[in-house]
Every structure is written in C-alpha cells, then in structure tokens.
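Accompanying notes for the structure given below.
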Amino acid sequence: MAVKYKEIADQLESDIRDGKFDVTKKLPTEEELMKSFEVSRNTIRKAITQLVNRGYIYQVQGSGMFLRDKSVTDYINLGSLRGLTKDLTSKTIDTQILDLRVIEADEDTAQKIRCEKGAKLYFCKRLRVVDGEPFSIEISYFKKDIVPYLNEDIAKTSIYSYLIEDLKLQISFADKVVNCEKIDEEKAKLLNVKPEDPALIIENTVCLANGTIFELSKSIFHYQKAKILNRINFK
C-alpha cells in the first residue's frame, strides 16, 4: 500500500506540471489541502516537504507555499529517486535493452549491495535515447528477492514506475556519487562520441524505507547532453 503523503505529493506534482496553479503561482493553504484530500495536517505537511525536496515549491512563513521557477526544466535531478522519465517530462524517451538477465552476485557486488555472494540479482543494461539522440547508458542490479520479476517490456518503459506503482516498494533514500571518467570504445560507440571523451557518471545505491539496499546502478551520460540540477533548501 502506497504511503498517503507520497500519493498526495505525486498528485500535487502532476497538478503543478499541468499548470493548475499557474495563475496564483501558489498552492492552496494547508487547511484547504486537508479538506480536499481528507487527511490530517501532519500528512499534508509531509506531502509539502516532498514537494519542497523535489524542487517544485518554497514556503514563506505567514504567506503560503509558492511555485518555484518552471524555467529550470529537463535536468537530471539529483534529489529525485524516480528515474529519467520523471526528470525529462518534455522529451521523448526511448529505451534499448542491451542486456537483461538473472545473475549471481560476485564478491564485489555482494559487498556493495549487502547480500550473500551468489545471491540472485537482476542485471539490466539499457541505452536511453532522448529525442532521437543517445543520452545515457544505465547499468543496474536489483535484488531478486525484492524485485522478483523484471522483463523487457517493463525495462523499456519506466522501471521505477513499475517498482512504485506495481510492486508498491517504499523507496526512501539513495546515496549518489557524481564523477567523470574517460569513456571506453564500446560505450563511446553506443553514445556516439569518441573513445577517451569524457563522460558524466552518476552511481546510485538505493534503499527502501527500512534501510535495505535493493538496487545498485551506474548511469553514464553523454557529456554534451546531460545537465545536473541540485536544488538546495536552507533551513
């Protein structure tokens, strides 16, 4: 069962993206949202915190909850745990499956994902194509005891929509490491760049609400196309 405040945050995010609040440039009051969604103040405040963390709104004490500038779009959001299709909503995203199979965790991967050596993992390697141009290579490992089924149809769309909406996983937080590397010949060919060109790398260790690691991933981005956004809130 999905957490109620996340459901509300997702609905409000959709409303913001659809322009529902463009005239006022602000959200309804807490009281109005409580009445609309028939939930407690605490639930609304948790949903609002989600929207603040996602970079959609900011709060002004005594004045309300205002929409942030929409001009900052189509960036890879370091604060997002919901995948490329949620970050690049105005783009056409196609996915090519390069490899998808069940493997046994080797010693290094087992240590990183915190499982026994030999445990079953889904290995997925995808090429993401944005508006007809190669954009990134995604290499992911999922614990099979948490993600029991994964096929090409799912992997060609949005794996995270499947994890959240179908498997109802309570994905809570991730550690992200950003760095640059020179790209090898195989990956250069996929991204249509030259070998030894730079590549932007984001490595993710993703956890459930109980702290269990269920995914390791590495995204290798075309250095001329990917832009990173990290919105910071000072408290």
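The values are calculated or read from the model by the stated rules, or taken from the named source; none is laboratory data. Predicted, not measured: the structure shown is a model, and the values here were computed from it. All Cβ positions, glycine included, derive from the backbone under ideal geometry; neighbour counts span all protein chains shown.
Exactly one residue out of Arg114, Arg128 is farther than 24 Å from Thr89 by Cβ, touching a residue at least 40 places away in the same chain (Cβ under 8 Å) and surrounded by 15 or more Cβ atoms within 10 Å (Cβ to Cβ), and it is Arg114. From the list Lys176, Lys235, exactly one residue is basic (Lys, Arg), in the same structural domain as Asp108 (by TED's automatic domain parsing) and at pLDDT below 95. Which is it? That would be Lys176, the only listed residue that is basic (Lys, Arg), in the same structural domain as Asp108 (by TED's automatic domain parsing) and at pLDDT below 95.
When you check Thr157 against the structure, is it touching a residue at least 60 places away in the same chain (Cβ under 8 Å) and in a loop (DSSP other than H, G, I, E, B), yes or no? Taking the combined requirement at face value, the residue satisfies it.
With the structure loaded, tell me whether Arg114 is over 28 Å from Lys189 (Cα atoms) and modelled with pLDDT under 95 or whether it fails that test. When the stated conditions are applied, Arg114 does not pass them.
Inspect the stretch 52-68 for any residue being under 30 Å from Val193 (Cβ atoms) and in contact with a Gly (Cβ under 8 Å, 6 or more places away or on another chain) and give the result as yes or no. Yes, the stretch 52-68 contains at least one residue that is under 30 Å from Val193 (Cβ atoms) and in contact with a Gly (Cβ under 8 Å, 6 or more places away or on another chain). For the residues Thr43, Thr109, the requirement of being surrounded by 13 or more Cβ atoms within 10 Å (Cβ to Cβ), over 16 Å from Ile220 (Cα atoms) and in contact with a helix residue (DSSP H, G or I) (Cβ under 6 Å, 6 or more places away or on another chain) singles out Thr43. Considering the stretch 90-103 alone, what residues qualify as being over 25 Å from Ala226 (Cβ atoms) and surrounded by 13 or more Cβ atoms within 10 Å (Cβ to Cβ)? Result: Ile103, single match.
Scanning the stretch 189-202 for residues that are among the aliphatic types (A, V, I, L, M) and under 24 Å from the mean Cα position of the chain (by Cα) turns up Leu190, Leu191, Ala199, Leu200, Ile201, Ile202.
Conditions tested, residue by residue: (1) assigned to a loop (DSSP other than H, G, I, E, B); (2) in the same structural domain as Ala155 (by TED's automatic domain parsing); (3) out of contact with any Pro (no Cβ under 8 Å at 6 or more places or on another chain); (4) modelled with pLDDT under 90.
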{"site": "Asp10", "(1), (2), (3), (4)": "no, no, yes, yes"}
{"site": "Ile16", "(1), (2), (3), (4)": "no, no, yes, yes"}
{"site": "Lys35", "(1), (2), (3), (4)": "no, no, yes, no"}
{"site": "Val39", "(1), (2), (3), (4)": "yes, no, yes, no"}
{"site": "Arg45", "(1), (2), (3), (4)": "no, no, yes, no"}
{"site": "Gly62", "(1), (2), (3), (4)": "yes, no, yes, yes"}
{"site": "Lys86", "(1), (2), (3), (4)": "no, yes, yes, yes"}
{"site": "Ser90", "(1), (2), (3), (4)": "yes, yes, yes, yes"}
{"site": "Asp94", "(1), (2), (3), (4)": "no, yes, yes, no"}
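Within the stretch 166-211, how many residues are within 18 Å of Asp145 (Cα to Cα) and either loosely packed, with under 12 Cβ neighbours inside 10 Å or free of Cβ contacts under 8 Å to residues at least 24 places away in the same chain (or both)? Residues that pass the stated criteria total 6. For first residues located in the stretch 77-106 and in contact (Cβ under 8 Å) with a residue 40 or more places away in the chain, partners that are acidic (Asp, Glu) and surrounded by 15 or more Cβ atoms within 10 Å (Cβ to Cβ) and lie 6+ apart or on another chain with Cβ distances below 7 Å form the pairs Asn77/Asp87.
Considering the stretch 137-156 alone, what residues qualify as being among the hydrophobic types (A, V, I, L, M, F, W, C) and more than 15 Å from Cys207 (Cβ to Cβ)? Across the stretch 137-156, the qualifying residues are Ile137, Ile139, Leu150, Ile154, Ala155.
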